[in-house]
Amino acid sequence: MPDEDVASLKDLGIECDRRTKVAPYETQDESTVYKGDGSKGYRAIKRSDLLFDSMNADGTENDATLMHVMDALVSHSCLIVDLTDGGTIFGDAIKLKNMWEASSKFFEKISNDENAFKALPSMKVAEGTGSTHAMVGFESYGNGSMKFLETRIARGGKCRNIVPDAVGGLMGEKSIQNMIDAFDLMCDVGKDIVRIAVAAANMEYSGFLFQNNESDEISDLPMISGLTFDDETIAGISQDDEAQNYVAAARMSSEAAKLMVDELIDDGKSVLWNDEQESISMSPHRICRYEGVDQTDKVIQEIQKRLSEPTPTLPSHDISSSGRSKRFRSFDEDARQMVSAGTISEANLGKGS
């Protein structure tokens, strides 16, 4: 429950599993889905509202933006971001458009070129990430109805690329750059959202709200990303003025949140201060295609098989009074009676004429 603390990662896992099982399966459209505060419908947030530069002048998060983000995450576990800022700028949206075009061209190529499909590397551990759980490569399931390409950014100073290397040859330089540009955009948006959510959590639990600056109370507080709470620059937090105290705590919450996302979220970029940074990003960029498989050939083969099988017949008199063979007879659903093969043939000829 929202008002309960998570005691361990195991408890968190159990809680996540519980939420997936109690989630409603019924679908909702944009006008009926719950968005919080007793109202309906999803609310998109402008990309610019999430930027660090859009914070308040005093260094705290914008209240409207913070409440929008947290309301969406609590209500839906997701946030819809308008990259065009209400249709005023389109640079970021074009980056995603280019990514989808690159993805579409890739899947079309491997679908129409057997050699290209065979050249794809299978899913395997990505060397250079520092983890045995990080994968790269291609997999196909369900007779080709589900295709997955797992890529990662390879750091290299000014020139970055994606792995596996074989994908670059299939996509081409332009498509590779489109993939990298889209990855950078999604990472930046994600880091801004996490920053705001972490800052909100800090404030909810009064993480930086000090009542006094006595060293024995400060020493028990956590350290985030090297921040020291007894630094002279934040000594002003311990003030008698409650309003000023709150603002200082909110500012520190945002600063700590930004440092946290910069250090923990791997955006595939090289940083000078991290000597232990691996050459391959831990953050994957997966593109997928789900499509129906053409069953025409299978259906035709099944029909041919059925036609080649012996057809059950009913015994009858060899020759009718009119001299027409009745050896092979079948049941006419329309006439509701048994008829001979000859009768059926004559009827069909009559329809054709």
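For the residue pairs 95/269; 97/147; 124/191; 118/269; 105/147, the alpha carbons lie more than 24 Å apart in 124/191; 118/269.
For 85, 49, give the ranking by accessible area with the largest first, probe 1.4 Å. List each step's numbers first, then the result.
Values: 85 20, 49 60 Å².
Descending order: 49, 85.
Per-residue SASA remark: residue 242, around 150 Å² accessible (1.4 Å probe; ligands, DNA and RNA not included). Of the solvent-accessible surface of the stretch 46-204, computed with a 1.4 Å probe over protein heavy atoms with every protein chain present, carbon and sulfur atoms account for 54 percent.
Projecting label points 7 angstrom from Cα along Cα→Cβ for residue 286 and residue 265 puts them 1.9 nm apart. Taking all protein chains as shown and a probe of 1.4 angstrom, residue 275 keeps an accessible surface of around 140 Å².
Heavy-atom accessible surface of residue 118, to the nearest 10 Å², is about 140 Å², with a 1.4 Å probe and all protein chains retained.
Given a 1.4 Å probe, how much area per residue of the stretch 64-135 is accessible, in Å²?
Working: 4250 Å² over 72 residues.
For the stretch 64-135, the per-residue accessible area is 59 Å².
Positive contributions from Lys and Arg (+1) and negative ones from Asp and Glu (-1), summed over other residues with Cβ under 10 Å from the Cβ of residue 129, come out at -2. Ranked from largest to smallest solvent-accessible area, with a 1.4 Å probe on the protein heavy atoms, 147, 105, 258 come out as 105, 258, 147. Were the residues from residue 242 through residue 188 laid out at 0.36 nm apart, the gain over their Cα-Cα distance would be 16.0 nm.
The values are calculated or read from the model by the stated rules, or taken from the named source; none is laboratory data. Keep in mind that this is a model prediction, so the values were computed, not measured. With ideal geometry, Cβ positions are generated from the backbone for all residues, glycine too; neighbour counts draw on all protein chains shown. The accessibility values were calculated without ligands, DNA or RNA, using every heavy atom of the protein model including side chains. Shrake-Rupley method; radii C 1.70, N 1.55, O 1.52, S 1.80 Å.
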